[in-house]
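Structure first, commentary second.
The values are calculated or read from the model by the stated rules, or taken from the named source; none is laboratory data. This one's a predicted model, so the numbers in the text were calculated from it and none came from an experiment. Using ideal geometry, Cβ is built from the backbone for each residue, glycine included, and neighbour counts are taken over all protein chains shown.
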Amino acid sequence: MGVILDGKACATKIKEELKNQIAELYIKPHLVVITTTDDEASKVYVRNKKRACEYVGMGFTNLEFKSEPQSHIEEALNRLNNAKGVSGVIIQLPLRKGLDECKLLSCIDPQKDVDNFHPLNLGLLMRGMTSFSPCTPKGIMRLLDTYGIGLEGKLCVIIGRSNIVGKPLVMELLKRNATPVICHSHTKNLKDLTKQADIVISATGQAKMITSEYIKEGAVLVDVGISRDSDGKLCGDIDPSCYEKSSYYTPVPNGVGQMTVAMLLVNCYEAYRMGELIHE
Ligand code: NAD
């Protein structure tokens, strides 16, 4: 049976450290989340971010734009960019229909772009020179590091090529001298690839699609997916039957999701410190 990569414990430690650092500050970092839908999953994610900010003593504001046109959101982003008290700004995705995601993300000041979705920050990531790293890949790296899992020369098969997980993860893994292979819904013979992997990172949102015949003995399993199984229970992409064959695995819940939120707080705190330097 593999060792659990305990995202909850690791995230709690990070949050405790941040809490102590923020307690020393007179003016606190502040995160603003823009939402545009009534989507239930998004509400849960935003609520988790709010709780996490409150826990570490960071300010939090949720601005809702459920029916306003794109131009109103752009104006609000412009105001937030100029607001000294705002350290980080994120736009909760997916957006409601009719809004231009790329244009809105481009309106965020790159120095307040704590999700790292601005095209400039994505470009910097390609060059290995980010100011912030995208939260989920950064959280995965931090968790692997915490458990001393080396990446140098490792074959890492990523399933899922989204802009927020799969693509930035490739860059993070390359920075660490791993050999990433990225797969997606059109990949042929997925199983043949995953079976060779030292590390399998799955981010598809397809409940329990990775079964034990997809992995080799001793592989490290990182499960990014969050969905519900046929009984309505929260689950990941990786079927728990794989854990026995693995050397390490992340559970769902209390794995990668916890690390993602912790990294958002870290990025927001870093944005605050950068802002302080600029205003000094
Ligand atoms: P997305 O829908 O943008 O992308 C899904 C990817 O999976 C696509 O590249 C698609 O080609 C691939 N895919 C789908 N079915 C496949 C299959 N059968 N075989 C191979 N590839 C397949 O998703 P996303 O935004 O990256 O999110 C993916 C999952 O991760 C979701 O469950 C989401 O809720 C979760 N998520 C979790 C966190 C976290 O912090 N734990 C963060 C982001 C996303």
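Brief remarks follow.
- Top-ranked residue of segment 231-280 - restricted to ones that are among the polar types (S, T, N, Q) and touching a Leu at 6+ places or on another chain (Cβ under 8 Å), ranked as nearest to I4 (Cα to Cα): T250
- Number of positions in segment 193-227 that are over 20 Å from L169 (Cβ atoms) and within 13 Å of the ligand (Cβ to nearest atom): 3
- So L174, is it surrounded by fewer than 17 Cβ atoms within 10 Å (Cβ to Cβ) and away from the ligand (no atom under 14 Å from the Cβ): yes
- Positions within segment 38-68 being β-branched (V, I, T), more than 18 Å from I108 (Cβ to Cβ) and within 16 Å of the ligand (Cβ to nearest atom), in sequence order: V44
- Segment 87-108: number of residues that are surrounded by 20 or more Cβ atoms within 10 Å (Cβ to Cβ) and of a type in the set (D, E): 0
- Remark: pairs (first residue in segment 259-271, of a type in the set (F, W, Y); second residue more than 10 Å from the ligand (Cβ to nearest atom) and not in a helix (DSSP H, G or I); Cβ separation under 9 Å; 6+ apart in sequence or on different chains) = Y269/P29; Y269/M58; Y269/S87; Y269/G88.
- When E217 is tested against (1) free of Cβ contacts under 8 Å to residues at least 60 places away in the same chain; (2) under 23 Å from the mean Cα position of the chain (by Cα), only condition (2) is not met.
- Enumeration of residues in segment 198-212 that are among the hydroxyl-bearing types (S, T, Y) and surrounded by fewer than 19 Cβ atoms within 10 Å (Cβ to Cβ): T211, S212
- Number of the condition not met by R161 [criteria: (1) in a loop (DSSP other than H, G, I, E, B); (2) over 14 Å from the mean Cα position of the chain (by Cα); (3) within 10 Å of the ligand (Cβ to nearest atom); (4) surrounded by 15 or more Cβ atoms within 10 Å (Cβ to Cβ)]: (2)
Residues are listed down the side, and each one gets a yes or a no for (1) modelled with pLDDT of 95 or more; (2) within 14 Å of the ligand (Cβ to nearest atom); (3) small (G, A, S):
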position	(1), (2), (3)
V89	yes, no, no
L104	yes, no, no
R127	no, no, no
K138	yes, yes, no
D145	yes, no, no
L155	yes, no, no
V165	yes, yes, no
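- Subset of segment 205-259 (residues that are out of contact with any helix residue (DSSP H, G or I) (no Cβ under 8 Å at 6 or more places or on another chain), of a type outside the set (S, T, Y) and assigned to a strand (DSSP E or B)): R228, L234, C235, I238
- The residues listed here are S185, S230; of these, the one that is closer than 30 Å to E40 by Cα, more than 10 Å from the ligand (Cβ to nearest atom), small (G, A, S) and surrounded by fewer than 23 Cβ atoms within 10 Å (Cβ to Cβ) is S230.
- Matching residues in segment 44-57 - criterion: being surrounded by 14 or more Cβ atoms within 10 Å (Cβ to Cβ) and more than 12 Å from V33 (Cβ to Cβ): Y55, V56, G57
- Some residue of segment 248-268 being more than 10 Å from the ligand (Cβ to nearest atom), over 22 Å from P134 (Cα atoms) and either buried (at least 24 other Cβ atoms within 10 Å of the Cβ) or modelled with pLDDT of 95 or more (or both): yes
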